[in-house]
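Input: a single structure, listed below in structure tokens.
The values are calculated or read from the model by the stated rules, or taken from the named source; none is laboratory data. Computed from a predicted structure; not experimentally measured. Note: ideal-geometry Cβ built from the backbone for every residue, glycine included; neighbour counts use all protein chains shown.
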Amino acid sequence: MRKLSKMQLVYITFIVLSSLSLFSNCSSLRSGTEKTVGYVRGQFEEQLNASFQDVVNASQTACENLQFSDLTAKSDALSARITARDANNKQIEISLKKIADSQTWVAVKVGLIGDDRISQAIISEIKKQL
């Protein structure tokens, strides 16, 4: 068996640790009896106990209340996608999926890599509108 040099061990360790951080979601998921909340792949996700159409309407109103520009919405009976821009021209993307008659999955992503604080503020505004 060949012995590895110190530099090779450092390199392998770096690769392994980089891979672990890349493939871990860096998310904090909390499961409750009524909803699931988490921050995964740069987007904040939450399951809301409200009808799909109510959440779509609340999301559009929330974007208007937060004074986002370039608001566009596309939806069908099971899913919706709302996009807008904030004052810094970052794209806001809200994805909605109907889970059941009174449950809707919401995901908010801000910018290219996400912004947890702004995403949570948007979901908080959506909840206010319900």
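What tally of residues in the range 91-120 results from selecting those that are aliphatic (A, V, I, L, M) and surrounded by 16 or more Cβ atoms within 10 Å (Cβ to Cβ)?
In the first step, residues of the range 91-120 are kept if they are aliphatic (A, V, I, L, M); the result is 92, 94, 96, 99-100, 106-108, 110, 112-113, 118.
If we keep only those that are surrounded by 16 or more Cβ atoms within 10 Å (Cβ to Cβ) too, we end up with 92, 94, 96, 106-108, 110, 118.
Matching residues across the range 91-120 total 8.
Are there any pairs with C-beta distances below 6 angstrom linking a residue in the range 92-113 that is in contact (Cβ under 8 Å) with a residue 60 or more places away in the chain and closer than 17 Å to Leu130 by Cβ to a residue that is crowded, with 20+ Cβ neighbours inside 10 Å and small (Gly, Ala, Ser), with the two at least 6 apart or on different chains, and if so which?
Qualifying pairs under 6 Å: Val108/Ser119.
Within the range 14-30, does at least one residue satisfy the condition of being over 16 Å from the mean Cα position of the chain (by Cα), surrounded by fewer than 19 Cβ atoms within 10 Å (Cβ to Cβ) and at pLDDT 95 or above?
Taking every residue of the range 14-30 in turn, none turns out to be over 16 Å from the mean Cα position of the chain (by Cα), surrounded by fewer than 19 Cβ atoms within 10 Å (Cβ to Cβ) and at pLDDT 95 or above.
Which of the strands (runs of 3 or more DSSP E) found entirely inside the range 65-130 contain at least 3 residues meeting this: hydrophobic (A, V, I, L, M, F, W, C)? Don't jump to the end; show me each part of the working.
Numbers: elements: 69-75, 79-85, 91-100, 103-110.
Of the strands (runs of 3 or more DSSP E) lying wholly inside the range 65-130, those with at least 3 residues that are hydrophobic (A, V, I, L, M, F, W, C) span 79-85, 91-100, 103-110.
Contact list please: Cβ distance under 6 Å, first residue in the range 58-81 and closer than 20 Å to Gln47 by Cβ, second residue among the basic types (Lys, Arg) and not in a loop (DSSP other than H, G, I, E, B), pairs at least six apart or on different chains.
Pairs found: Leu78/Lys98; Ser79/Lys97; Arg81/Lys74.
Give the number of residues within the range 46-90 that are within 15 Å of Gly111 (Cα to Cα), of a type in the set (Asp, Glu) and surrounded by 14 or more Cβ atoms within 10 Å (Cβ to Cβ).
1
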